[in-house]
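> I have a structure I would like to understand better, so I am pasting it below and will then ask my questions one at a time.
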Amino acid sequence: MSKYGVIVMGPAGAGKSTFCASLITHLQLNRRSAFYVNLDPAAESFEHAPDLDIKDLISLEDVMDEMQLGPNGGLIYCFEFLMENLDWLTESLDSLTEEYLIVIDMPGQIELYTHIPILPRLVKFLTQPGALDMRLCAAYLLESTFIVDRAKYFAGTLSAMSAMIMLEVPHINILSKMDLLKGQIKNKEIKRFITPDTTLLEDDPAEVAQRKAGLAVEPKSNDPKDKEAVMSGASFRKLNEAVAGLIENFSMVSFLKLDSTSEDSVSSILSYIDDCIQYHEAQEPRELADDEVHAEE
């Protein structure tokens, strides 16, 4: 019997737990069953109490105290401990029927999604036939305010692409917190960031503002310790161009828009998740019209 799940990922502050809470609320209002799994050993407060919480298995605070590790090292240790105790997951998930959507809330440490092979092993365990046999969708959240800073946007997009390549499961990428852009950026401008391409660097607001003010784009200092100079120099621009070019060449990443305060927006994202995991007779994904998103023209 197959199970259905979504693993919610992204950098710290992207709104993962908020989205999980909104998704679970939406499922409950529509009489669908949800099973909430928290795999962030540092999480402390929840809108919905987790049905399964990694802190019942291992605590990040205890690991840091006993092993003399920092937050990142402690989190990696927690996940290594989880991988040695996968029966803890199986015992709780095995009895769930196909009526449940298993919502897995992940921590925000970016290392898990880029170069440490722990998460691919976990995903393989969850999805392998004969065990839990879960039809799993990965949802990678990136805060929509990143579009104001082109370097942040492309760095975040590169991390999303890295997660897609590492996990090898159906995947959706989401620009979260769209409500924060209300009245600041027009929908026409936001549309340009749905599918990343190198033209977004041609009108970087920071450089445009410098030129309008008659300031030199090149920094005056060549000191590598001068952060402002390094982050505004020609080498940094070339790095951004290389990253943007790589993303455009792979042509793997596109984004959906999410406002977790909007029932329609959450419903739209759920329709894409259902389509990815082929939940029963899933309908075609429903994309919101521009006037249904909180960013104003």
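The values are calculated or read from the model by the stated rules, or taken from the named source; none is laboratory data. The structure presented is a predicted model; accordingly, all values stated were derived computationally and were not measured. A quick note on method: Cβ atoms are made from the backbone with ideal geometry, for glycine too, and the neighbour counts reach across all protein chains shown. Heads up: the accessible areas ignore ligands, DNA and RNA and are worked out on the full protein's heavy atoms, side chains in. Shrake-Rupley method; radii C 1.70, N 1.55, O 1.52, S 1.80 Å.
> Pulled fully out, how much extra length does the chain show between residue 179 and residue 25, if you take 0.36 nm times their separation in residues and subtract their Cα-Cα distance?
Full-extension gain reported as 53.6 nm.
> What's the ranking of 165-172, 243-250 by average number of surrounding C-beta atoms within 10 Å, highest first?
The packing order, highest mean first, is 165-172, 243-250.
> Right, something else. Taking 0.36 nm per residue of separation and subtracting the Cα-Cα distance, what length does fully extending residue 199 through residue 2 add?
Gain on extension, residue 199 to residue 2, equals 66.6 nm.
> How big is the antiparallel share of DSSP beta bridges in the chain, given as a percent to the nearest 5?
Rounded to the nearest five, the antiparallel share is 0 percent.
> Leaving out ligands, DNA and RNA, what percent of the accessible area of the chain is carbon and sulfur, probe 1.4 Å?
On the chain, the fraction of accessible area on carbon and sulfur atoms equals 49 percent.
> Compute all pairwise cysteine Cβ distances in the chain, then list the cysteines with no distance under 4.7 Å to another cysteine.
By the Cβ distance rule, which asks for a partner under 4.7 Å, the isolated cysteines are 20, 78.
> In Å², and per residue, what accessible area does segment 32-98 have when probed at 1.4 Å with the other protein chains present?
53
> For residue 18 and residue 116 in one chain, what is 0.36 nm times their gap in residues minus the Cα-Cα distance, to one decimal in nm?
Answer, rounded to one decimal: 32.7 nm.
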